[in-house]
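Participant: Input: one structure, supplied below.
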Amino acid sequence: MQIEEHRWHSPALGREMALKVYGHWGAPFIVFPCSRGRYFDYEGMGMIAAIAPFIDTGRIKLFCVDSLDNESWYDFAVPPARRNARYEAYDRYIAREVVPFIADHCRLPGVRAMTNGCSMGAYHAVNFFFKHPDLFQGTLALSGLYRLDRPEFGLDGEGLGDVYFNSPLTYLANLSDPWYLEQYARRTIIACAGQGAWDEESLEDTRHLAAICREKNIAAWIDIWGHDVNHDWPWWYKQMNYFLGQLYG
């Protein structure tokens with residue numbers, strides 16, 4: 001398997017950022033790590049090995065990026081507005097630096113990557129896709145939380161106004177712009193959650209996402225797995241293989 005590591009000083013973030021590329025060809029995926037995770041976690045936690053057949057045969061190519069969670073949503077020492085501002089800088093890094101890097105690396109100007117991630121990575125995957133459907137081909141999100149007004153993010157009802165446009169279930173519920181809805185109709189939207197241990201909140205948010213998509217006639221594949229399906233890597237291996245098989249089998 002072809003593996004590369006790249007790093008550069010990000011103008012948007014004002015510091016060095018790194019990413020890893022897995023594969024020589026195929027549909028590009030931008031992969032966001034789990035909570036406070038790193039760009040090498042997909043490899044370290046075994047996901048790269050689990051989906052290696054899709055990478056080795058040139059069906060997909062992964063671009064695993066670093067997170068900025070500790071400087072944004074998990075920086076509880078600063079108010080919500082400052083956390084949001086830092087996340088918006090991360091947004092600029094992804095949209096203006098990583099997206100062009102992917103197109104250049106694939107030698108396909110204008111190519112759109114799928115967004116992907118598990119748990120907190122799924123939040124990023126869904127948020128970046130729904131905010132920038134012109135930049136991404138779709139999203140494949142596993143066991144995500146899609147609202148920021150949850151206790152783990154330390155935001156209350158008053159603070160949510162400062163982060164409104166980065167809380168997907170919040171802004172999607174009120175979205176009516178035809179341009180966005182037309183873009184969503186051309187993309188691939190997949191979200192999955194289990195009903196087993198530690199996945200209760202992900203299940204709730206995934207079902208909420210399904211309801212919003214139905215209400216707005218957004219075509220989405222929302223897949224709820226069984227009561228034995230836990231919020232953990234062994235199940236995410238199985239889910240990734242299943243959905244990649246459906247898309248690129």
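Where a number appears in this text, it was derived from the coordinates with a stated rule and is not lab data. No experiment lies behind these values; they were computed from the predicted model shown. Cβ sites come from the backbone with ideal geometry, for glycine too, and all protein chains shown count toward neighbours.
Participant: What are the lysines whose alpha-carbon lies under 16 Å from the alpha-carbon of Lys20, with same-chain residues fewer than 8 places away excluded?
Facilitator: Excluding near neighbours in sequence, the set is Lys61.
Participant: Which lysines have a Cα lying under 19 Å from the Cα of Lys131, excluding residues fewer than 8 positions away in the same chain?
Facilitator: The reachable lysines, counting only those whose Cα sits under 19 Å from Lys131, are Lys216.
Participant: Give the Rg/Rh ratio for the chain, taking Rg as the radius of gyration of the Cα atoms and Rh as the Kirkwood radius, to two decimals.
Facilitator: Result for the chain is an Rg/Rh of 0.93.
Participant: Report, in deg cm²/dmol and to the nearest 500, the calculated mean residue ellipticity at 222 nm for the chain, where each DSSP H run with n ≥ 4 adds -39500 (n - 2.57) and the sum is divided by the residue count.
Facilitator: Calculated mean residue ellipticity at 222 nm is -10500 deg cm²/dmol.
Participant: Could you work out the relative contact order of the stretch 3-248, using alpha carbon pairs under 8 angstrom and six or more residues apart, expressed as a whole percent?
Facilitator: Here the relative contact order equals 17 percent.
Participant: Roughly how many whole Å is it from the C-alpha centroid of the stretch 96-124 to that of the stretch 179-217?
Facilitator: Result: 20 Å between the Cα centres.
Participant: Sort 202-212, 228-238, 115-125, 27-37 for me by packing, meaning the mean count of neighbouring Cβ atoms within 10 Å per residue, highest on top.
Facilitator: Packing proxy ranking, top to bottom: 115-125, 27-37, 202-212, 228-238.
Participant: Given labels modelled 7 Å from the Cα in the Cβ direction, how far is it in nm from Arg214 to Arg38?
Facilitator: 4.3 nm
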